Every structure is written in C-alpha cells, then in structure tokens.
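Only the coordinates and a few stated rules stand behind these numbers; no lab work does. Just so it is clear, the model here is predicted, and its values are computed rather than measured. Here Cβ is always computed from backbone atoms with ideal geometry, including for glycine, and neighbour counts include all displayed protein chains.
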C-alpha cells in the first residue's frame with residue numbers, strides 16, 4: 001500500500017527505516033515537519049528540538065562518533081549557523097552514518113534569502129544528495145546513511161520547498177537495525193587538532209574521489225534515453241519541471257548525487273545527445289562544473305538564476321513559448337501576512353511606533369511582522385539572534401557620531417535561546433546603550449508552534465526543564481529585569497520608561513502566551529464599537545489588527561476574527577470600543 | 001487521460017489544505033497518480049495562500065505556472081482575481097462570493113477592488129456561490145471549505161468517485177455530519 005506523504009514526512013520515514021538512533025534539530029521552514037513527524041517513532045529512536053542548529057548538529061555528530069546512525073535537519077540559513085561543526089566533521093569523518101538535511105527555499109516563501117546550499121557540500125567536501133519527490137525523499141535518506149558510512153563523511157540531503165512540502169505517494173520499507181558496537185576511543189580521528197587535521201585532509205580528498213567514481217554507476221543517478229536529439233542533465237525538483245517542459249523524446253540524466261558530480265557518466269550522456277541542457281533552480285552549480293570539465297551545454301544563458309522554476313517558466317525560458325493568460329482587468333491589492341488578532345506582540349510594537357526617536361533592531365519570528373505597516377516599528381531584521389547584537393552596533397555608531405537615539409534590541413523567546421543570549425552578554429560586557437527586549441510568547445510561533453527551552457515541554461510532548469529568561473538575564477548581570485504584559489498598553493509604556501530611567505542595567509521581558517497555543521485555556525472575548533461614540537478618527541487602525549477596519553466612516557470590528565484583546569479599545573480616544581464577554 | 005491541475009487559493013486559515021486533502025484522498029482511491037503542493041510558514045499569518053493538486057495517469061511537477069490550471073477554486077473573491085493569470089483561458093473557476101479585507105485594505109492603505117466576480121465571469125466559465133452564507137446557515141462557518149468542495153466536484157463533473165465516503169474518512173468524526181451536509185449544499189448550489 002502506498003501512502004500520500006510530504007517530502008518532509010517521507011524523510012522522517014526514511015530516517016526511521018534507516019535505523020537512526022539519535023535525531024536533533026531546530027525548526028525552520030521548510031524543514032520543520034520532518035522533526036514534527038519523528039516522535040511517532042520514539043520507541044525506536046531518540047528525537048529532540050535543540051536550542052539551535054549548531055547545537056543540533058553537534059548532538060547528532062556526537063551520536064555518530066558513538067557509532068549511532070544520527071540525523072539533523074534545518075532550513076538553508078540554519079546551515080549557516082551549523083556550519084562550524086559540519087566543516088570539521090567533514091575532516092574527522094563519521095562512525096555511525098550522519099545525515100544533515102538542508103531545506104532550501106527558492107522564491108523565499110518564508111526566508112530572508114534564497115542561498116543555494118549545494119555549494120556548502122562542495123565547500124565542506126561532503127556528499128550532496130537531492131531527491132525529486134516523496135518516494136525519493138524516503139529512499140535517498142536511507143541511501144544517504146549508507147554513503148555516509150561507506151565514504152566516511154557527513155552527507156547533505158538537500159531539498160527545496162517544493163520537495164519538502166509537496167505530497168506524493170510513498171511505499172514503505174522495514175526498519176533496519178544498526179546498533180552501535182561497544183564504544184572505542186579514537187582520538188586520532190575525532191580530535192581535530194592541527195596535527196590530526198593535517199593527516200585527515202588527504203583522506204577527505206581520497207574519499208571524495210572514490211565517491212565521484214561511485215556516482216558513475218550508483219542507483220541514485222539514472223539515465224532515461226530518448227531519441228538522442230535533446231538531452232537534459234537535472235536534479236531535484238527541476239527534474240519534475242523539465243519532464244513536463246521538454247518535448248517527448250528528450251533524454252534525461254537525472255542526478256540524485258549532485259556532489260561530487262559523476263563526470264564520466266555526464267560525458268557519456270553528453271556524447272549521446274545532439275544538444276545538452278543543464279536545468280537547475282537557482283545557481284549554475286552543476287553547469288559550472290560540467291562546463292569546466294569541457295562539456296558543451298546550455299544552462300543559465302536561458303534559465304533564470306533567481307526564484308523557483310515551474311514547467312511553464314521553463315517552456316518560456318528555454319523554448320520561448322509564452323504562456324497564454326487572461327487579464328481580467330481588475331487588480332488585486334496585496335495581502336501581506338500580519339500579526340494575528342490578539343497577538344501579544346502587537347502591544348509592544350504599537351508602543352515602539354509612537355516614538356520617532358526609538359530605533360528598534362528586530363529579529364526573525366512572527367514578530368518580524370511588527371515591522372510591517374501600519375505598525376512599521378522595526379528598523380532592522382538580519383538573522384536569528386541578531387536583534388540584540390545589531391542593536392549594540394547601532395548604539396555604538398550613534399554614540400561615536402553624537403546622534404541621540406534610544407535603541408532597543410528585540411528577540412523572541414525561542415530566538416533568545418537560539419542565539420540571542422550571546423548578544424545580551426555583548427550588551428553588558430561592552431556596555432552598549434541598548435534596552436534588550438524579549439518578546440516571550442512561550443512558543444516558537446512562525447514555524448507553526450514548536451516547543452523550546454522556555455516553553456516547559458520538549459519535542460515528544462513531555463514536561464521538560466523550563467529555562468526562565470529572566471533568570472538568565474539576571475544571572476548575566478541585568479539587575480533590573482522588568483516583566484510586563486504587553487497587551488496592557490499603559491503597563492507596556494511604563495516598562496519602557498522605567499527601563500530607560502533605571503540606574504541599573506535594565507532588560508524587558510514582554511510575557512503573554514501566543515493565543516494559538518492549544519494546551520492553554522485563553523481568555524477570549526469580543527470587542528464591539530459604539531458607533532454613536534466613534535468619531536471615525538481611525539486611531540484604532542494604527543494597531544494593525546486584521547479584525548479592525550473602517551465601514552461607513554466608523555470603526556468596525558470583524559466578529560469572526562476578533563478575540564477581544566482590547567488593544568484597539570485602549571487606543572480609542574473616545575472610549576467607543578468595549579469588550580463583550582463571550 | 002491528460003493530467004489535470006486544480007489550484008485552490010484563499011487566505012491563510014480558510015481551510016484550503018483540508019479541501020485539497022479530501023480531493024487528493026478521493027483521487028488516490030480512484031487510482032490516479034497525484035501530487036499536491038502546499039505553502040507553509042510566514043504566508044499562513046493572514047496572507048494569500050495557494051494549494052495545488054496535479055493528477056493523472058502519471059504526473060511529474062507538483063506545481064504549475066501561468067496559464068496552466070484547469071480549475072481555479074477561490075475561497076475569497078479578490079484571490080480569484082489575483083490567481084486568474086494561472087487559469088487556462090478555457091479553464092473553469094469556482095468562486096466564493098465573499099470578501100475578506102487584507103491588512104492593507106483594513107488599515108485604509110489600499111482599497112479593496114470592486115467587481116472581482118463580474119470580471120472573472122466576463123472572461124471565464126465561472127460557478128459562483130456564497131459558501132460563507134451557506135456554511136453559516138448550516139450552523140458553522142468553518143465548513144465553508146467543504147461547501148466549496150461540493151461545488152467544485154459538480155463543476156469538474158467528477159461524480160464517479162464516492163466523495164461522501166471520502167469526506168467521512170477524511171474529517172474528524174464529530175464534524176462528519178456537518179461536512180456531509182456542507183458537501184451536498186455546495187454541490188446543489190451551482
């Protein structure tokens with residue numbers, strides 16, 4: 001029987017079937033569901049959310065050193081965080097198979113860039129494997145563990161959003177058992193001292209060369225010969241697009257192992273076709289290497305290096321066939337994502353938005369949306385954990401140039417544990433004139449509600465040690481940690497004023513749980529407008545709530561969306577909005 | 001048969017993914033090869049969302065580009081307009097005659113366009129219904145997605161699959177009766 005599964009669910013199944021024992025990750029779209037799917041196999045494998053991708057990679061690699069098949073997964077920018085242990089694990093090699101998923105996000109559906117992480121495999125000198133559909137996600141995950149052990153290297157299993165989040169049919173296999181042998185110390189292999197690294201490098205090159213040779217005959221790479229006129233070398237989701245876009249009779253060399261490239265196989269294929277295309281999303285990763293090997297082919301001369309592809313785009317870019325579309329003559333206006341009605345972050349960002357001299361360094365999470373209109377209350381968003389340290393740099397530059405600004409650094413609870421903590425230490429240690437603010441909604445929100453070290457639960461849903469953000473800040477040396485409910489606008493402003501006036505090093509923790517957390521009973525209600533009192537001043541629109549709008553020149557609150565948080569009522573100058581208990 | 005593409009569009013939280021799931025479960029039971037693509041993450045916070053279902057004897061790409069969808073199912077009328085360039089000129093649209101303000105129109109930063117449904121009707125074969133009102137009359141606006149699904153089944157002419165059985169298997173037991181009623185109401189509405 002076949003099962004309809006997303007690529008992510010299929011990878012989780014593949015990890016289970018491969019006999020993995022230790023799995024650790026930090027959530028990040030489009031990779032998150034892999035680990036959300038692993039706890040169902042908890043009786044046979046250990047899985048966890050780690051505080052960040054670097055920690056997760058180190059945990060998994062430690063397990064590999066102990067001989068266990070081990071696994072981690074992250075979004076493409078997560079691999080930037082994890083790269084330190086990855087590059088050294090490449091030199092040391094592995095004991096148990098060690099597989100790392102990088103889920104890349106072409107078109108940036110939910111990301112800050114569209115970096116192509118196949119380069120990381122080449123740079124780190126490790127294998128890169130790319131599945132095209134869910135069946136391959138499962139099968140290639142298993143193959144990745146075998147390759148990792150056979151060629152003594154970590155393996156990068158690279159997906160893209162459309163592979164991770166598309167569903168197709170998958171046939172299951174049985175779990176293989178790979179119990180580690182009794183642990184034996186091997187410091188020469190796993191201690192990355194300069195002397196050992198010097199000895200390990202030739203081994204890395206030798207293993208890569210052997211893997212390249214293996215690629216010429218391995219089952220991950222396959223040839224589908226057509227009539228010999230057009231030939232396409234492709235991999236991952238691009239294979240599916242090219243199959244739909246190229247005419248009947250086209251020959252395909254579909255690569256599953258995309259680093260190192262099987263050059264002999266590529267040359268043989270090239271010799272059998274009249275015209276050769278290399279079709280790949282994002283960078284000319286394969287194309288540059290194929291051209292450097294002296295094989296004539298066409299790629300990025302025609303195919304865009306930006307954004308996702310699809311069959312119609314390929315037809316247009318390769319064959320000049322423009323899609324036939326209809327212009328209905330009406331234009332849709334943009335519908336950007338917004339903070340949900342009742343979102344606890346709203347009160348903080350509304351407070352920030354009222355002060356033009358405040359500079360707010362934001363971060364990655366639902367609260368990135370505090371930078372969107374009409375709140376428009378963030379100046380920067382760079383990366384996970386950057387909220388505190390970018391703020392420190394801004395403050396230093398303002399001080400050095402004599403500009404009077406009030407600087408806030410903002411991170412969420414999950415981001416605080418991910419990489420915000422070191423930024424908080426920076427603010428103290430180097431005496432940066434910054435108020436650090438943690439927006440604690442007690443969950444990792446944007447990726448779809450994963451637990452974190454502050455939430456009190458772990459990936460498997462068990463009660464876990466709840467690390468208190470205020471305890472961490474106080475232990476660092478923030479003597480004045482102000483905890484406030486951001487939904488109470490007066491209290492929120494007072495917290496900011498108190499922090500700025502404090503004689504001690506001050507920090508703010510805005511604490512209110514996300515309304516979407518299911519295990520909490522939330523106090524929901526409904527706000528209504530007294531249209532006799534409403535003067536149509538639109539002050540309530542400035543809180544940026546999707547439930548609040550203007551109808552017939554008066555405020556209107558959509559009862560289907562409102563949850564009764566009262567932030568709009570608190571900003572109404574005429575007291576025209578009140579909460580009805582439901 | 002030629003493969004067919006269904007594009008379901010709406011606003012995050014309207015239930016397009018469940019609708020696609022019912023469709024896909026039915027197609028699989030009928031022996032089709034199916035691929036489905038969803039968007040997760042940031043776009044779910046009240047943003048514009050799309051889900052695609054591609055089915056046939058054997059299908060490759062889970063997603064389509066411009067001018068390639070056979071059916072457009074719009075859970076919200078401005079979203080019908082937004083995604084209309086993806087519909088084949090001879091494609092069919094099923095449209096929920098229901099407007100949801102976007103954060104920009106609610107804040108008065110943009111104006112919600114007039115005449116979305118009429119513009120679609122002028123250019124495509126359309127099946128228009130107020131699925132929101134039908135769902136409300138059944139006692140739960142949340143079953144709006146299954147109302148639309150019923151209309152889509154009729155518009156597609158895909159009556160050789162026992163959709164009521166598929167719905168009964170796909171939705172949680174306590175919502176079974178409600179969703180079956182919603183399906184029938186949607187089927188009868190177009």
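Under a plain spin-label model, where a point goes 7 Å from the Cα along Cα-to-Cβ, how far apart in nm are residue A:210 and residue B:165?
Going from the residue A:210 label point to the residue B:165 one covers 5.4 nm.
I'd like the per residue volume of the convex hull spanned by the Cα atoms of chain A, given in cubic angstrom.
198 Å³
I want to verify the translational diffusion coefficient of segment B:139-190 in µm²/s; compute it with Stokes-Einstein, Rh as the Kirkwood radius over Cα pairs, at 10 °C and 1.306 mPa s.
Value of D from the Cα-based Kirkwood radius: 147 µm²/s.
Using only the alpha carbons of chain B, what is the convex hull's orientation-averaged projected area in square nanometres?
Result: 10.6 nm².
For segment A:222-319, compute Rh as the Kirkwood radius over C-alpha pairs and then the Stokes-Einstein diffusion coefficient at 10 °C and 1.306 mPa s; write the answer in µm²/s, rounded to an integer.
121 µm²/s
What ranking of B:79, A:470 emerges when the number of other C-beta atoms within 10 Å of each C-beta is taken as an exposure proxy, fewest first?
Ranked by crowding around the Cβ, least crowded first: A:470, B:79.
Using the Kirkwood radius over Cα pairs, work out the Stokes-Einstein diffusion coefficient for segment A:58-145 at 10 °C and 1.306 mPa s, in µm²/s as a whole number.
The calculation lands on 117 µm²/s.
When the Cα centres of segment A:387-405 and segment B:116-190 are compared, how far apart do they sit, in Å?
Here the answer is 56 Å between Cα centres.
Among the DSSP beta bridges whose two residues both lie in segment A:2-215, what percent are antiparallel, rounded to the nearest 5?
20 percent
Divide by every residue of the protein assembly as shown the summed helix terms, -39500 (n - 2.57) for each DSSP H run of at least 4, and state the resulting mean residue ellipticity at 222 nm, rounded to the nearest 500 deg cm²/dmol.
About -10000 deg cm²/dmol.
Return the whole-Å distance between the Cα centroid of segment A:470-489 and the Cα centroid of segment A:168-205.
43 Å
Quote to one decimal, in nm, the extra length available between residue A:531 and residue A:480 on full extension: 0.36 nm per residue of separation minus the C-alpha distance between them.
14.0 nm
With angles folded into 0 to 90 degrees, how steeply does helix A:194-215 sit against the dominant principal axis of chain A? Use alpha carbons for both and round to 10.
The angle comes out near 60 degrees.
Roughly how many nanometres apart are two label points built 7 Å out from the Cα toward the Cβ at residue A:460 and residue A:123?
Roughly 3.6 nm, to one decimal.
Given R₀ = 51 Å, what would the calculated FRET efficiency be for residue A:382 paired with residue A:223, taking r from the Cβ atoms and rounding to 0.05?
So the FRET efficiency works out to roughly 0.70.
Quick one: angle between helix A:76-92 and the longest Cα principal axis of chain A, in degrees between 0 and 90, rounded to 10, please.
The answer is roughly 40 degrees.
Tell me the angle of helix A:53-65 to the major Cα principal axis of chain A, expressed in degrees between 0 and 90 and rounded to the nearest ten.
Roughly 40 degrees between the two axes.
Give me B:53, A:330 ranked fewest to most by other Cβ atoms within 10 Å of their Cβ, as a rough exposure proxy.
A:330, B:53
Using the 2.2 N^0.38 Å rule of thumb for compact globular proteins, work out how segment A:345-511 stacks up: its C-alpha Rg over that value, please.
Normalised by 2.2 N^0.38 Å, the Cα Rg of segment A:345-511 equals 0.97.
Nearest 0.05, what FRET efficiency do residue B:57 and residue B:177 give at R0 = 35 Å with Cβ-Cβ as r?
0.50
Please order B:97, A:84 by the number of other Cβ within 10 Å, starting at the fewest.
A:84, B:97
I'm checking a number: the convex hull volume of the Cα atoms of segment B:9-81, normalised per residue, in Å³. What is it?
About 92 Å³ per residue, rounded to a whole number.
Taking a label point 7 Å from the Cα of residue A:500 along the Cα→Cβ vector, which residues of segment A:360-387 have an amide N closer than 14 Å to it?
It comes to A:360, nothing else.
What is the calculated FRET efficiency for residue B:97 to residue A:2, with r their C-beta to C-beta distance and R₀ = 41 Å, to the nearest 0.05?
0.60
Counting DSSP beta bridges with both partners in segment A:424-548, what percentage is antiparallel, nearest 5?
Among the beta bridges of segment A:424-548, antiparallel pairing accounts for roughly 20 percent.
Can you tell me the Rg and Dmax of segment A:345-419, counting just the alpha carbons, in angstroms?
That works out to 11.9, 34 Å for Rg and Dmax.
What percent of all Cα-Cα pairs in segment A:526-580 falls in each 5 Å bin, counting up from 0?
4, 24, 40, 26, 6
Using 7 Å Cα-to-Cβ label points, what is the residue A:300/residue A:520 separation (nm, one decimal)?
With each label point 7 Å from Cα toward Cβ, the separation is 4.6 nm.
Extension gain residue A:422-residue A:198, at 0.36 nm per residue separation less the Cα-Cα distance, in nm?
77.5 nm
Expressed as a fraction of 2.2 N^0.38 Å, the rule-of-thumb size for a compact globular protein of N residues, what is the C-alpha radius of gyration of segment A:1-53?
So segment A:1-53 has a normalised radius of gyration of 1.10.
Relative to the compact globular guide of 2.2 N^0.38 Å, what is the alpha carbon radius of gyration of segment A:2-215, as a ratio?
Its radius of gyration relative to the 2.2 N^0.38 Å reference: 0.94.
By how many nm would the segment from residue A:488 to residue A:292 lengthen if fully extended, with 0.36 nm per residue of separation less the alpha-carbon distance?
Between residue A:488 and residue A:292, full extension yields 64.3 nm more.
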